[in-house]
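Structure, as structure tokens:
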Amino acid sequence: MAKRLIESDHFKNFINLGGLKKQNSKILYTKTESSVDKNDYFTDLCILDTQTKKFKTLTNGIEVDLYKWYEDDKVIFTAITEESDKNLRQKQIPITVFYSMDVETGIIEKLFNVSKKIIEFERISADKFFFLCSDTLCDDQYLKLAEGNWEKFSQIKKEEEDYFVAEEVPFWTNSAGYCNGKRGRIFLYEKESLTQITPDDLHVTLMKVYEDEYLLYCGLQSGGIQSTAGKLYRYDIQEKNTVPLDITEEYIYTLIETVSSTEFITCRSDRKIHGEYQDEYIDLINMKDGSCLRKNSFGDYHIYDNVVCDVSYLSNWLNKVTRCRNGIYFIATEMESSKVFFWEDEAALPVAITKAKGKVIDYEIVGNEIYVIAMRGLGGTELYRHSLKDKKEEKITSYNANLEEIYQYAPVERLNYTNKNQIEIQGWYLKPVHFEEGKKYPAILFIHGGPQCAFGEIFNHDMQLMAAKGYGVLFCNPTGSEGRGGDFADIRKKYGTIDYEDLIGFTQYATEHLPWIDKNRLGVTGGSYGGIMTNWIIGHTNMFCAAVSDRGVCNNISDFGLSDIGVSFGPDTFEATPWENFDYLWETSALKYAPYIKTPVLLIHGMEDYRCPYDSALQMHTALTYFGIPSKVFAFKGENHELCRSGQPKHRVRRLEEMASWFDIYTLNEERIKK
């Protein structure tokens, strides 16, 4: 039977795995499915017993939020299951409900609920917890006005929704929306009572407990302009006092992990080598003598998976480091693949433990085996068992096994290009699915986000969709990409120069070496940084007959004041602000070159994207329309910067339909191309 072509809703066929957490020989993980019809995602909690090699779904329809082991066969988790609790959420009354589950019997018991929005927790004992809560200072005032009555609180909050108030910067964030006065605050929950242990001017982002001895936490100084560098503290659980460990605000902290009574691991960057987005050091710190064993001292490894993918739901940006007796395990990206690495204490460089190409999303170590969630080839996420003894990797699940048997995918083929600096740039192409020798085809250049990300040889829905529709697809990892060290990835004050040259040079090289590409029918697209570069490219060359700019930026001056990272990104990336080196900000803005653009542009955006704000699409559209160039804004209500990865399923479908339609109009219509 002939294989089927994929459609714009193909992502719904992928089952996505994540969230590995082990307890002895058992590993918890999540399994997420998407439904376009119901316009939602559904996640179940599952378990693997590595001794019996048996899998089991634990929750069957219960939407679990947070979960942790607390005994060999028991899990504690949070969920909203009862109608009364769902009603409270609808009224914006904060509530988190805790349950326990026996993983052997499946018996679930409700434990307690807390009138807080809890985003992380640490269990000390049956009646003692630490909660990291997402609070808003104005909610404290609303509850005070309501005299502690939650129904009155809900009424006040609803009335106040008509007003936007900004007293701090950032005033919104991509992940949390409007955030004036928003704080991560830690509370000690003991004997059904809550005690706040962090101050209101500290926004806590990380916390980790070590048994019943101490709690580590890190926060950002808030009020006015929030710092990007953190302060680190230790809270003594028995003495109930706090000791500062690092309040210099020298480091950006991305992870803390307790190891023993005296040691902990932190991933942090001092920005001295590669600036605000420098890859983190891995520091093993001894609190007793103050010593620090530092790995990644040159900032060459980003301590998480950076391989771009649009079908691995909420998988990116996992920051996980595991300490063993003589070294540290972590995930990092090497060239086009993310892998599990091991860095021995005495070694100068780490060693890749997993060798296969692809994307490693999570891992856990059980005895002499590493269990990884990974994407290999064009398959979806699966669990793999990797032996530390014989180095062999074995796939042990088949959640997505039948997709390649049912659907016709375009194979990923290598096409490397050497740039003017004699650096080999990794590149690839997809032929149209029903390719015929001797025919000419339109081709689309895809540009990844970041820029500190990387394309790999895995499935990407948008690329495969265009190949199914008869397009060739080109993509590469230009200078600025992740996976080749910090110096290669550092393009501060180089946006639109060497990266632009790599992208255009690769495209020209492809048209010369792939005779089936019709160089008169080229398109270009990209998201985030890829959208920024799409805007830039069409202002500097007319080689593309159609462009789709996805979640991009066109004006570095307005971006300073509107993006949730604008006040740090601008000075770091461009060494400029609207008041210092203004001309350079304008010179590096794609909007400046709007008078020279001849390429029709579709501008896709989430209306609640506060990383690359929606105003950029409107500014670019206004300029292009003013100069008589076909332009269209297609924006999505309720969507942020994660639209293509975890947006509402119906919106993800429509995004791809609009993209494909735009390219069809401007690359398949001969009359339009001639014009």
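What net charge is computed for the residues neighbouring N416, neighbours being all others with C-beta under 12 Å from the C-beta of N416, Lys and Arg scored +1, Asp and Glu -1?
Overall, the nearby charge balance is -3.
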- Message: Suppose every Lys and Arg Cβ carries +1 and every Asp and Glu Cβ carries -1, with no other charges. What dipole size does region 620-666 come out with about its Cα centre, to the nearest 20 debye?
- Response: 160 debye
- Efficiency of FRET from Cβ geometry, T622 and K355, R₀ 35 Å, rounded to 0.05: 0.10
- Query: Picking from Y407, I504, T105, whose Cα lies most toward the positive end of the charge dipole for the chain (charges on Cβ: Lys, Arg +1; Asp, Glu -1)?
  - Reply: Y407
- Query: Tally Lys and Arg at +1 and Asp and Glu at -1 over the other residues with C-beta under 14 Å from the C-beta of A617: what net charge comes out?
  - Reply: -2
- How big is the charge dipole of region 38-181 about its Cα centre, in debye rounded to the nearest 20, if each Lys and Arg gets +1 on its Cβ and each Asp and Glu gets -1 on its Cβ? 280 debye
- Only one of the listed values, (1) 24; (2) 10; (3) 20, was derived from the coordinates as percent of Cα pairs over 51 Å apart; which label is it? (2)
- Query: Between S568, W586, Y666, whose Cα lies farthest towards the positive end of the dipole of region 546-675 when Lys and Arg beta carbons carry +1 and Asp and Glu beta carbons carry -1, centred on the Cα centre?
  - Reply: Y666
- Task: Take each of the peptides 272-279, 614-621, 432-439, average the number of other beta-carbon atoms within 10 Å over its residues, and list them starting from the highest.
- Result: 614-621, 272-279, 432-439
- Item | Selection from V351, L378, H434, by position along the positive dipole direction of region 305-449 (Cβ) | H434
- Message: For a Förster distance of 56 Å, can you work out the FRET efficiency between the beta-carbons of C324 and E580, rounded to the nearest 0.05?
- Response: 0.75
- Query: What net charge do the residues around L585 carry, taking every other residue with its C-beta under 12 Å from that of L585, with Lys and Arg at +1 and Asp and Glu at -1?
  - Reply: -3
- Query: Of the peptides 355-364, 204-213, 238-247, how do they stack up when ordered by the mean number of other Cβ atoms within 10 Å, highest first?
  - Reply: 355-364, 204-213, 238-247
- Using a simple charge model, +1 on the beta-carbon of Lys and Arg, -1 on the beta-carbon of Asp and Glu, nothing else, what dipole does region 517-669 show about its Cα centre, in debye to the nearest 20? 680 debye
- Note on the structure: Taking 0.36 nm per residue of separation between A347 and K440 and subtracting their Cα-Cα distance, the length gained on full extension comes to 28.3 nm
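Tell me what the chain gives for mean residue ellipticity at 222 nm when only DSSP H runs of n ≥ 4 count, each as -39,500 (n - 2.57), the sum divided by the residue total, rounded to 500 deg cm²/dmol. Numbers along the way, then the final one.
On the way: 15 runs with 132 residues, N = 675.
It comes out at -5500 deg cm²/dmol, rounded to the nearest 500.
Read the figures in this text as sums done on the coordinates, not as results from a lab. Note that the structure is predicted; figures quoted are calculated from it, not measured. Backbone-built Cβ (ideal geometry, glycine too); neighbour counts: all protein chains shown.
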